[in-house]
């Protein structure tokens, strides 16, 4: 049976166990963003679709993460929550950590306050690198990202903050530097998770399971 620990609202003992696991993994943490959000492989204009490759590899990839010593944190919206627990239960008896998000967003339900709570937990756990995978990731060239920026979908202007801080991030984060130097802006739910993690001073690697990019 799957044990689900809602990290932001977790009990002290559960949080201490998460921190212990993170320290044992040398400061590594896996985050999967909305892995079961869609099964639709139909291309659309804004590229918000799931690839056949993603669906083929998804379950195997998740099972592989569960079998490592690196803690696994799911960002999951409520409508897909039962699917998540059912799927993990099919893999075996595991403890997973979850963060409930707003519908169609990577944003935790408590907004910026919840992001700050997560950052505090990650800092206490001495997280050094977060590996982020899931749905959706669209890599936009820097100029195109600036041209298409719409504050209606980013009221906190996280994307603009990220763009302004790229030189600082390249100097500071050796892992993120590998993809930051390509001058692409990661958008979609995976991309905004990545930008928020950098905002809170955590180095980020983009995992192998993403769609469409």
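Hey, could you get me the Stokes-Einstein D for the stretch 61-160, Kirkwood radius over alpha-carbon pairs, 25 °C and 0.890 mPa s, rounded to whole µm² s⁻¹?
Values: Rh = 15.9 Å.
Using the Kirkwood radius from Cα pairs, D works out to 154 µm²/s.
Let me know the volume per residue of the alpha-carbon convex hull for the stretch 1-121, in Å³. Don't skip to the answer; put the middle values down first.
On the way: hull volume 14.2 nm³, N = 121.
It is 117 Å³ per residue.
For the stretch 144-213, what log10 I(q)/I(0) values come out of the Debye formula at q = 0.16, 0.23, 0.27 1/Å, with one point per alpha carbon and no solvent?
The calculated log intensity ratios at q = 0.16, 0.23, 0.27 Å⁻¹ are -0.52, -1.10, -1.46.
Taking only C-alpha pairs under 8 Å that are 6+ residues apart, what is the relative contact order of the stretch 27-106 in percent? Before the final figure, lay out each step's value.
Details: 84 pairs, mean separation 29.1, N = 80.
So the answer I get is 36 percent.
Starting with the fewest neighbours, write out 195, 1 ranked by other beta-carbon atoms found within 10 Å of each beta-carbon. Don't skip to the end; give the middle numbers.
Values: 195 22, 1 9.
Fewest to most other Cβ atoms nearby, the residues stand as 1, 195.
In Å³ and rounded to a whole number, note down the convex hull volume per residue for the Cα atoms of the stretch 92-206.
Values: hull volume 13.9 nm³, N = 115.
Residue-normalised Cα hull volume stands at 121 Å³.
Once you keep just the Cα pairs under 8 angstrom separated by 6 or more residues, what percentage relative contact order results for the chain? Could the numbers behind the result be given before it?
Working: 348 pairs, mean separation 60.7, N = 213.
Contact order relative to length: 28 percent.
Please report the spacing between the Cα centers of the stretch 1-48 and the stretch 135-201 in Å, no decimals.
20
Looking only at 77, 159, 90, which one moves most when the chain is put into a Gaussian network model with springs between Cα atoms under 10 Å?
Of 77, 159, 90, the most mobile in the Gaussian network model is 90.
When the label point is put 7 Å from the Cα of residue 149 along its Cα-to-beta-carbon vector, which residues of the stretch 160-180 have a backbone N closer than 20 Å?
160-171, 180
Among DSSP bridges having both ends in the chain, what percentage is antiparallel? Round to the nearest 5.
Values: 5 of 31 bridges.
For the chain, the DSSP antiparallel bridge percentage is about 15.
With an 8 Å cut-off on Cα pairs and a minimum separation of 6 or more residues, tell me the relative contact order of the stretch 126-213 in percent. Before the final figure, lay out each step's value.
Numbers: 122 pairs, mean separation 48.0, N = 88.
Averaging sequence separation for qualifying contacts and normalising by length gives 55 percent for the stretch 126-213.
Determine one quarter of the surface area of the Cα convex hull of the stretch 6-54, which equals its mean projected area, and express it in nm² to one decimal.
On the way: hull surface 21.4 nm².
Mean projected area for the stretch 6-54: 5.3 nm², to one decimal.
What is the gain in length, in nm to one decimal, between residue 175 and residue 11 on full extension, counting 0.36 nm per residue of separation less the C-alpha to C-alpha distance?
Details: separation 164, 0.36 × 164 = 59.04 nm, distance 3.20 nm.
Computed gain between residue 175 and residue 11 is 55.8 nm.
Label 7 Å along Cα→Cβ of residue 81; the stretch 107-124 residues with amide nitrogen under 20 Å?
Of the residues in the stretch 107-124, 107-118 have backbone N under 20 Å from the label point off residue 81.
Since every read-out is calculated from the coordinates, none of them should be taken as a lab result. Note that the structure is a prediction, hence the values are computed from the model and not measured. Note that we place each Cβ from the backbone using ideal geometry, even for glycine, and neighbour counts take in every protein chain shown.
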